[in-house]
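Only one structure is covered here, and it is reproduced in the block below.
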Amino acid sequence: MNNFKTRGNLLAIAVSMLFSLSIEASGVVNGNFQTGDFTGWSLATDGVAGTAPDFQIENLAGDYSARIEADYWSIPGDSLSNPQDNVWFDNTLYQEMNLTTSVNQNLVLSFEWVFAGEESIFDENFLVALGNGSGDYFGADGNLGFLFNPMDYGEGLYSVVLDPSFANATGWTIEFQMVAGFDAYGSYASIDNVALNAVPIPNAIILMATGIAGLLGLRRKIN
């Protein structure tokens, strides 16, 4: 995690320097969680307000991130021991985005992620998607699906250019969800540096490419 944070922050600094004169303000509130709490975010556990330990703020020497977890028990693997989470189906961290943009700009969404836990073959499911209040999930192209749904434990930097149809739309949320499994071994996702920026179109393409390079360079297997 420390290695990932260091390299991820270096990449974020490089991207910030490259586009500091052309990127407009982020459309996500408290995306780096540096308030030390969930200001700007909503937390839901199976449709009701989320509580700890389902949702936590992690503090690594003053560098904050959000943690979502599911299926932790006092004795790992023993469903007769005391459950440590309240989740039955899923825990979701979400926020409505400000999708304001101008002509000749693209919206670039990015975040750092870690997916890890107690599993040897995990059965929890970590997914990231866009929502519009309908109960359906959508990908960056505006079609039904997910932004991101890793098939294995790992970590990295995700970056994508949203379809132009999202420009200046309202009512859209970014949602990070941990779907529970059924074997009493837990998993968690750590999220940091969630950002949505309006970027001039040529720079948006380069920024997305930089994010993909970061994703490929940072992602690794977690044992």
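The set of residues in the stretch 57-83 being touching a helix residue (DSSP H, G or I) at 6+ places or on another chain (Cβ under 8 Å) and among the charged types (D, E, K, R) consists of 63 alone.
Apart from one condition, residue 214 fits all of (1) buried (at least 23 other Cβ atoms within 10 Å of the Cβ); (2) at pLDDT below 95; (3) touching a Phe, Trp or Tyr at 6+ places or on another chain (Cβ under 7 Å); the exception is (3).
Quick check on this structure: which one of 171, 135, 142 is surrounded by fewer than 17 Cβ atoms within 10 Å (Cβ to Cβ), under 15 Å from residue 92 (Cα atoms) and not polar (S, T, N, Q)?
Details: 171 fails: under 15 Å from residue 92 (Cα atoms); 142 fails: under 15 Å from residue 92 (Cα atoms).
Step by step, each of 171, 135, 142 is checked, and only 135 is surrounded by fewer than 17 Cβ atoms within 10 Å (Cβ to Cβ), under 15 Å from residue 92 (Cα atoms) and not polar (S, T, N, Q).
With a requirement of 3 or more residues that are over 25 Å from residue 37 (Cβ atoms) and within 14 Å of the chain's Cα centre (by Cα), the strands (runs of 3 or more DSSP E) lying completely within the stretch 95-191 that satisfy it span 154-161.
Within the bounds of the stretch 96-104, is there any residue that is crowded, with 16+ Cβ neighbours inside 10 Å and closer than 23 Å to residue 153 by Cβ? For the stretch 96-104, residues crowded, with 16+ Cβ neighbours inside 10 Å and closer than 23 Å to residue 153 by Cβ: absent.
The values are calculated or read from the model by the stated rules, or taken from the named source; none is laboratory data. Here the structure is a predicted model, which means the values were calculated and not measured. Glycine gets a Cβ as well: all are built from the backbone with ideal geometry, and neighbour counts include every protein chain shown.
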